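Read through the structure below, which is laid out as structure tokens, and then see the notes.
The values are calculated or read from the model by the stated rules, or taken from the named source; none is laboratory data. These numbers were taken from a predicted model, which means no experiment stands behind them. Note that each Cβ is placed from the backbone with ideal geometry, even for glycine, and that neighbours are counted across all protein chains shown.
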Amino acid sequence: VIPGASPDDDGGDRACISKKTRLLMTLPYLAPVDEQLRALATTRALHLPGDDSHDTGSDEGLIRAILEQSAALAADVFAPLNAIGDTHGAILEDGVVKTTPGFQRAFRAYSEGQWGAMGVAPAQGGLGLPFAVGLAVQEQLASANMALSLCMLLSQGAVVAISAHGTAAQQDQWLPGLISGRWTGTMNLTEAHAGSDVGALRTRATPHHDGTHRIKGQKIFISWGEHELAENIVHLVLARLPDAPRGSRGISLFIVPKYLSDENGELGERNDVQCVAIERKLGIHGSPTCTMAFGDNDRCVGYLLGEPHRGLHAMFTMMNHARVGIGLQGVALAERALQAAETYAAARIQSPRLGSRGDPIAIAEHPDVRRMLEGMRATTRALRLLAYWNAAAIDASHGRRETQDRGSAQGLADLLTPITKGFASDMGVEATSLALQIFGGAGYIEETGVAQLYRDARIAPIYEGTNGIQALDLVNRKLAQDGGIHWRRMFAEMTAHLLDSPTDATVATLNAALMPPLRSLERSTAWLFQRTGSAEAAAAATPYLRAFGTVLAAYLLALQAKTGSRRDQRLAAFYLAAELPGATATLESLPNRSQTLLFAEDVSIEA
Ligand SMILES: Cc1cc2nc3c(=O)[nH]c(=O)nc-3n(C[C@H](O)[C@H](O)[C@H](O)COP(=O)(O)OP(=O)(O)OC[C@H]3O[C@@H](n4cnc5c(N)ncnc54)[C@H](O)[C@@H]3O)c2cc1C
């Protein structure tokens, strides 16, 4: 029976929950607070230059208390609504988007708990906690209910963008509602003909005599574009001004609210923006994916955010925040899938032990199932470390230390962001697929809830810039940034950590095993760096990103094993043994891969 499916606050006929839903199993979720605290400590110990978030960021008692409270919200309020969100996803009726029964109550619990204010500066009414801590909370919510947590992720992104690019008056008008959780935010980039190629978008913004703009156009696939959970929705919309240059340099960003408001945030009349359709889709059914019509009646009011024609730059503030958050969805679903798989594999009895005629045993004991479980454990832990490291670098880039230190932290964050997004979201899909495999036939049918995790996870490699686009961003922009200083510095620091003579023999072995793959990664990076912008680099980009992610994952596991238990060391050793040979082979094969793909007539298969 699904708790949280009460008709209380969602009203109407949707309150009638079908018999089928009641039969669905609610996968339990227990937030891994200790594991999260360890990951925060490990990534903080990387001593990022410019990191002065230690006052709040290293107060373990405070962080533990926060994570235990958010764990309760995730487990008791968000998780029980996950399966019902899948079967009773959002629907559009007479222009109104009705969300899953129970979501209203969960949203209220989130707002009343002031969870949206955690990472916000105290001057703006927030708690000023590091982004890395906020990410740990977000992980729990996404594990519990990815579809609903997406709403919170987008709202936080809107806060970041308006804080960075809004005028003082705009911040006063729009931030309090978003921070308090009375309002939510969205990001509106995609149009039918402009997906990855954002520069092709056609939505128009015409200056109005009162200093505002009139927005006209249609956006598709807008997550949480319309709903009734919050009093207002603040859409951040990319559009073109009349004098805009062609392409991505001619795009500006606008605040377009669902309800207009005065400077004190008092709500007025409805703006000329509406949801005209929502999509039927593979997963995250609880999240309405909306087609949004702006200005059908020529009176859609928008307010320029940041400078004209610099909208993509401003939107990137939100997108970079969101990209780490989407990578984190991979971590979150890997964790939830792991918990389900561990429970099931311990309980499912099937086949005697290999070579024995005795009683059947739990499948968790069969070597092949152990392989899958151990792989999931190592991957989930490594992905978490990667995402938190990325967040710690973002925190350090906002620190108060020397400008140069902030710059190197920013460079590290920029380098890590496409890897976190691309690698962690892909691995999240793999982890949910492994869980499904461990469940066998029971995983493929809907009643166990594992199939939902697999379907939900599949969007993360697609939205917020497909993983193909992340890989191009990595090889063409992030490696080239500041003459390549950031990857050189990263590899130098990794080498120094690995050479930092460990006293423990197992750790020394792990570190030694990491050196050759790290050198391969360095060589491949130099090869790509010399080919920035070329077809060869583009053809190698995705396998390179994956191999890069694998080497970083192995490095982070080895780093954590240094201060960890024997169990941690065994887990790291397993990941290194299972994953590094493939990553090294991929890296070594990159030039030949590109050659055979692009210049097929000259195919040479290297021995
Ligand atoms: C459920 C859902 C929620 C979403 N939420 C939002 C949202 O809130 N806001 C928003 O603005 N958008 C949203 N999107 C849109 C999403 O960001 C886009 O779908 C995504 O950016 C890809 O664009 P596209 O679908 O047009 O694919 P395309 O751009 O057509 O890409 C198709 C394939 O071609 C590849 N490709 C395209 N161009 C290149 C290139 N230059 N080089 C190499 N490969 C390339 C891509 O990697 C991909 O594999 C959402 C989408 C979905 C499905």
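Please go through segment 259-283 and pick out each residue that is in contact with a Leu (Cβ under 8 Å, 6 or more places away or on another chain) and of a type in the set (S, T, N, Q).
Matches in segment 259-283: Ser261, Asn271.
Yes or no, residue by residue, for (1) more than 25 Å from the chain's Cα centre (by Cα); (2) more than 25 Å from Ala471 (Cα to Cα):
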{"position": "Ser196", "(1), (2)": "no, no"}
{"position": "His208", "(1), (2)": "yes, yes"}
{"position": "Pro242", "(1), (2)": "yes, yes"}
{"position": "Arg249", "(1), (2)": "yes, no"}
{"position": "Gly265", "(1), (2)": "yes, yes"}
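Output the number of residues of segment 523-552 satisfying the condition of being within 16 Å of the ligand (Cβ to nearest atom), part of a helix (DSSP H, G or I) and not acidic (Asp, Glu).
Number satisfying all stated conditions: 12.
Answer yes or no as to whether Gln404 is modelled with pLDDT under 95, in a helix (DSSP H, G or I), at negative phi and among the polar types (S, T, N, Q).
Numbers: modelled with pLDDT under 95: yes; in a helix (DSSP H, G or I): yes; at negative phi: yes; among the polar types (S, T, N, Q): yes.
Yes; evaluated as a whole, the condition is true for this residue.
Mind checking which pairs have a first residue in segment 448-461 that is within 9 Å of Ser433 (Cα to Cα) and a second that is crowded, with 24+ Cβ neighbours inside 10 Å and among the hydroxyl-bearing types (Ser, Thr, Tyr), Cβ under 7 Å, 6 or more apart or different chains?
Sorted first by the residue in segment 448-461, then by its partner, the pairs are Leu453/Thr432; Tyr454/Thr432.
Condition (residue is closer than 30 Å to Ile220 by Cβ and in contact with an Asp or Glu (Cβ under 6 Å, 6 or more places away or on another chain)) applied to segment 302-319: is it met by at least one residue?
No: zero hits.
Give segment 434-491 a look and list any residue that's aliphatic (A, V, I, L, M), part of a helix (DSSP H, G or I) and surrounded by fewer than 16 Cβ atoms within 10 Å (Cβ to Cβ), or say none.
Passing the criteria: Ala442, Ile485.
Listed residues Gly268, Gly302, Gly327; which is in a helix (DSSP H, G or I), away from the ligand (no atom under 13 Å from the Cβ) and among the small types (Gly, Ala, Ser)?
Of the residues listed, the single one that is in a helix (DSSP H, G or I), away from the ligand (no atom under 13 Å from the Cβ) and among the small types (Gly, Ala, Ser) is Gly327.
Just to be sure before I move on: is Ala431 among the hydrophobic types (A, V, I, L, M, F, W, C), crowded, with 20+ Cβ neighbours inside 10 Å, away from the ligand (no atom under 16 Å from the Cβ) and more than 22 Å from His366 (Cα to Cα) in the structure I sent? I'd like the intermediate steps shown before the answer.
On the way: among the hydrophobic types (A, V, I, L, M, F, W, C): yes; crowded, with 20+ Cβ neighbours inside 10 Å: yes; away from the ligand (no atom under 16 Å from the Cβ): yes; more than 22 Å from His366 (Cα to Cα): no.
Spelling it out, it is not the case that Ala431 is among the hydrophobic types (A, V, I, L, M, F, W, C), crowded, with 20+ Cβ neighbours inside 10 Å, away from the ligand (no atom under 16 Å from the Cβ) and more than 22 Å from His366 (Cα to Cα).
If I filter segment 274-291 down to residues being assigned to a strand (DSSP E or B) and farther than 21 Å from Phe78 by Cβ, which single residue comes out as nearest to the ligand (Cβ to nearest atom)?
Cys290
In segment 492-503, which residues are out of contact with any helix residue (DSSP H, G or I) (no Cβ under 7 Å at 6 or more places or on another chain) and surrounded by 14 or more Cβ atoms within 10 Å (Cβ to Cβ)?
Listed by number, the list holds a single entry, Glu493.
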